[in-house]
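The next block holds one structure in the form of structure tokens; read it before the comments.
The values are calculated or read from the model by the stated rules, or taken from the named source; none is laboratory data. All values derive from a computational prediction rather than experimental measurement. Because the Cβ atoms are built from the backbone with ideal geometry, glycine has one as well, and the counts that use them run over all protein chains shown.
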Amino acid sequence: MTEQKSALLQVNLADYADPADARLVVELLDAYARDPMGGGEPLPESTREELVPGLQSMPGAFSLIGYVDGEPAGLVNCFMGFSTFVARPLVNIHDVVVLPQFRGRGLSAAMLHKVDEVARSRNCCKVTLEVVQGNLPAKAAYRSVGFKPYNLDEEYGQAEFWHKYLS
């Protein structure tokens, strides 16, 4: 039997003012955008230029950068929201990225646990996220750390995530 060395996982809060962190936020999100689950297209140059300044301007926005054995390997972008039913803040996870070569090592769980830590420190009542229906590995990862599909009343079924673009 071969012994497998476990990876050293580290998750840091990104500092948008730090050029190295800012570069990693853009590069990791671009890698996700290029993935079929992220749309399969690179980020437009305008998005690459405006992403970090845009995040900096959003009150309550935060990003986490995950490392595997010191290598940048993952990203989570989050935004503060508010639960009107509980009258407390919440965190919405907008993006979860784990580069393909680092998947299966526990990084998504480590990053999601760090999101929980930040949410608790901000007195949040819950953490929310969206997941593409066919992204079964992501769904399994989310379930493993306690996420489940949302429904208010079993009789009416699960909530659906809808959107429309504004011109």
Inset, instruction - Would you mind listing the strands (runs of 3 or more DSSP E) fully within region 13-113 where at least 1 residues are within 19 Å of Phe161 (Cβ to Cβ) and not hydrophobic (A, V, I, L, M, F, W, C)? - result: 71-83, 88-98
Inset, instruction - Answer with yes or no whether Lys148 is surrounded by fewer than 12 Cβ atoms within 10 Å (Cβ to Cβ), under 18 Å from the mean Cα position of the chain (by Cα), at negative phi and at pLDDT below 95. - result: yes
Inset, instruction - For Val91, work out the one condition from (1) touching a residue at least 60 places away in the same chain (Cβ under 8 Å); (2) closer than 17 Å to Lys126 by Cα it doesn't fulfil. - result: (1)
Inset, instruction - Consider Tyr67 carefully, then state whether it is out of contact with any Pro (no Cβ under 8 Å at 6 or more places or on another chain), among the hydroxyl-bearing types (Ser, Thr, Tyr), on the phi < 0 side of the Ramachandran plot and surrounded by 12 or more Cβ atoms within 10 Å (Cβ to Cβ). - result: yes
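From the list Val118, Val132, pick out the single residue that is surrounded by fewer than 17 Cβ atoms within 10 Å (Cβ to Cβ), of a type outside the set (Gly, Ala, Ser) and at negative phi.
Numbers: Val118 fails: surrounded by fewer than 17 Cβ atoms within 10 Å (Cβ to Cβ).
One residue alone meets the criteria, Val132.
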Inset, instruction - Note down all Cβ pairs under 8 Å where the first residue falls in region 18-36 and is in contact (Cβ under 8 Å) with a residue 60 or more places away in the chain, the second is part of a helix (DSSP H, G or I) and not acidic (Asp, Glu), and they're at least six residues apart or on different chains. - result: Leu29/Leu51; Tyr32/Gly38; Asp35/Pro100
Legend entry - Residue in region 80-114 that is surrounded by the fewest Cβ atoms within 10 Å (Cβ to Cβ), counting only those that are under 20 Å from Tyr150 (Cβ atoms) and in contact with a Gly (Cβ under 6 Å, 6 or more places away or on another chain): Asn92
